[in-house]
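Every number here is computed from the coordinates shown, using simple stated rules; none is lab data. Just so it is clear, the model here is predicted, and its values are computed rather than measured. Glycine also receives a Cβ, built like all others from the backbone with ideal geometry; neighbour counts cover every protein chain displayed.
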Amino acid sequence: MYSLLWLLLPAAAASGWWAALYSQRKRRRISQARFHSAYGQGLNYLLNEQPDKAVEVLVQLVEVDPDTVELHLALGSLFRRRGEVARAIRVHQNIAARTGLSPELRGQARLELGRDYLKAGLLDRAEHLFKRLLGEGAHERLVCQYLVDIYQQEKEWSRAIEVARRIADSDPGQWKIRIAHYHCELGEEALARGDVGEAMVRAEYARCEDADCARALLLRAAACQHAGDFHTAIEVYQSMGQQSRRLLPDVQEQLQACYDRLSGQAGQQRPAGEAVHGIGPETRFRCEQCGFSSRKLFWQCPGCRSWSSVKPLGQGSHL
């Protein structure tokens, strides 16, 4: 009797284990069936141009199966690209608020949400979210790029410099050019309020970042003019080289003004052979990055927002 009992115990244990496994698999199949049914329903809503109902169904699936998070991230990005930013924000907000997400997925959801805010023009919200991600050390390079873009739009040049320095090593040539222009922006703001000293300092900082920055020389010459140092201003303009002086629209006029002021002060005449030819009305400029064209030189392309990419047609001079 007892020997029979000992023989039945393993069989009972195995039977119990098998029943539990069968029950677990059955629940999983039911869950997967519900998931596929709901997901198919959501796709049908999309195909039938009922995006509101589709979002409702697909967002609810995040709580059904954590494996759908990446699909929802892609769905939110799709909405953003289609210009449906409000829906993209809703999807990414729901994902970011979900409990039990891995740090990587949560960081990705917040990054996408920040991009949604940028697309919607909600710069304050985007900045707050990106600074939080930066503090967490998540997606540093991308986050810094987005923050720099925000600070450019807000003309917060000092903040743009601070953040840009964090990732300047990733592409030293391009970032040094950008930082040089940020210093020039600050210098021009200083000159506009009459702070010649600050303008000179910013021009020097810009030249340290980019030794070929013609804009920095132009800023320094303008600061000298503002201070009444016309001799130095002329020297700076001349140091730019004949080609750069031809390419910059304001140089001819400003150089002539310096000679006129000196002539008025001491009867000095303009030296022979110093004629400077400015840009003619037929000259056109084109961005090397996006192809934007105009008859005016822009330091930053209005089309693609690249710096120092707008060049005169047929010329390769660095500005």
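Observations on the structure shown:
- Legend: ranking of residues Y151, Y259 from fewest to most surrounding C-beta atoms inside 10 Å; resulting order Y259, Y151.
- Phi-derived couplings, Karplus 6.51 cos²θ - 1.76 cosθ + 1.60 at θ = phi - 60°, listed residue by residue for region 133-141: 5, 5, x, 8, x, 9, 6, 4, 5 Hz, with x used for Gly and Pro.
- Summed residue charge, Cβ within 14 Å of L118's Cβ, Lys/Arg positive, Asp/Glu negative: +2
- Filtered GluC sites (Glu not before Pro), region 119-182: DSSP coil and at most 13 other beta carbons within 10 Å: E154
- Across region 75-90, computed HN-Hα scalar couplings (Karplus, 6.51 cos²θ - 1.76 cosθ + 1.60, θ = phi - 60°) run 4, x, 5, 4, 4, 5, 5, 7, x, 8, 5, 4, 5, 4, 4, 4 Hz from first to last residue, x flagging Gly and Pro.
- Inter-part distance where region 186-222 and region 70-138 are each reduced to a Cα centre, Å: 38
- DSSP-loop trypsin sites (Lys or Arg not before Pro) across region 160-236, with at most 14 other Cβ within 10 angstrom: R193
- Packing-based exposure ordering (other Cβ within 10 Å, fewest first) of Y182, Y146: Y146, Y182
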